[in-house]
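Laboratory data are not the source of any read-out in this text; all were calculated from the coordinates shown. What you see is a predicted model; the values in this text were computed from it and never measured. All Cβ positions, even for glycine, are placed from backbone atoms using ideal geometry, and neighbour counts span all protein chains on display.
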Amino acid sequence: MRITENMTAQNSLYNIENARSQMNTLQEQLSSGQNVNRPSDDPVTARLLMNINDQLSTANQYSSNISKVDMWFQMADNAFTTMTQTLSDIRSKVSTVANGMATQSDLNNMVSYINLIKKTIVDTGNTDVNGVYIFAGTKNQSAPYVASTGDITSGSTTIANVGSVANIKAGMVISGPGIASGAKVTAVNAGPPASLTLDTAATTSNAGAGFTVYGGDGNNINVEMTKGSSESINIPGNQFITSSSSSPYGSVDILQTLDQLAVDLKANNTTGINNDLTTLDNGSVQLISAQTQMQSRMVRFDTAKTMQQSTINTLNTVLDKTQTADYAKLGIELQNQQTAFQATLSATAKISQMSLLNYI
């Protein structure tokens, strides 16, 4: 096969362009710090890097989800502890006047104390994290527990002279002295005077009685912690504060029991007081059961957080090894490539000087 000058020239130019291209690639890798700057550099590695980045994005999102509920769990745990300690304090103080020997002044003071404690429970039930109420279910943009006062008459379904109907709507569960357990508001009359209509008649008469309505719902808020795996981060207040027989934690309506305890204390009803304290003991067990459930969820999220962080660390390690440029290695390769490029230019220069005599 005869090799012509044209073939030799084309081959020389190809070698020059190839050497220059390799030098450009090395220089780009050095300047960017990345082994692959576009898919055409290395299609297989580029696909691997895309997969790693997708997995990293997903793992970071799960990790972010978990981090956001950390404060939620901490606030809920503190709220449970506060309420449980509050009920314990009630038993300790009320036991001193539950023997039937207390004076009416002592009993009245204890009633005032119980009313204050009820407000504490309500305030704790309205705990929020950045404006989101953690015990309101999915209706968590407003406080779940609304307290007010009104005149309650035995046998009537109307609460008259209501102090405030703000944030009270039909369908809310209501509790208070003389209000049957599980009663709901069926209508709201803004007045004046304001009044509420209930679906169940009152059992006793009380003027200016304090009552509380629950405006949240019983729905769970689920957060995905890993692919295909989610967990509820909340326990609605109507499952452990104003509870019912359908609650998984207990059937004690703590607010209702506090209302009844105030009534029995005022009447010096020793039997009723002791029964109320026993019911509150069951309420404490109810709170502890709900808190234990919440803590078990905290553990699950902590475990998922550790797993996600491990995944992120592993993916970052693989990404670093695959994509991050080795400057020392690239520097040597670039130096070798520059030497080869100069040699190619020198050889091409000599070839371009050849004449017909070189082929005789």
key: segment 183-329: mean projected area of Cα convex hull, nm²   = 15.7 nm²
13 Å beta-carbon shell around Ala290, net charge (K/R +1, D/E -1) = 0
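How would you order 238-250, 99-111, 72-84 from highest to lowest mean count of nearby Cβ atoms within 10 Å? Let's see the in-between values first.
Values: 238-250: 20.1, 99-111: 13.3, 72-84: 18.2.
So the order, starting with the most tightly packed, is 238-250, 72-84, 99-111.
Highest first, please rank the peptides 218-225, 261-268, 137-144 by the mean number of other Cβ atoms sitting within 10 Å of their residues. Show your work: numbers first, answer last.
Working: 218-225: 15.9, 261-268: 20.5, 137-144: 17.8.
The densest-packed peptide leads the list: 261-268, 137-144, 218-225.
For the cross-link pairs Lys119/Lys139; Lys68/Lys227; Lys305/Lys329, which exceed 28 Å when the distance is taken from alpha carbon to alpha carbon?
On the way: Lys119/Lys139 21 Å; Lys68/Lys227 17 Å; Lys305/Lys329 37 Å.
Too far apart for the 28 Å limit: Lys305/Lys329.
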request  = Enter the per residue convex hull volume of segment 111-218, computed from alpha-carbon coordinates, in Å³ rounded to the nearest integer.
outcome  = 93 Å³
ask   = What base-10 log of the normalised intensity I(q)/I(0) is obtained for segment 79-290 from the Debye formula, alpha carbons as equal point scatterers, at q = 0.15, 0.18 Å⁻¹?
value = -0.95, -1.30
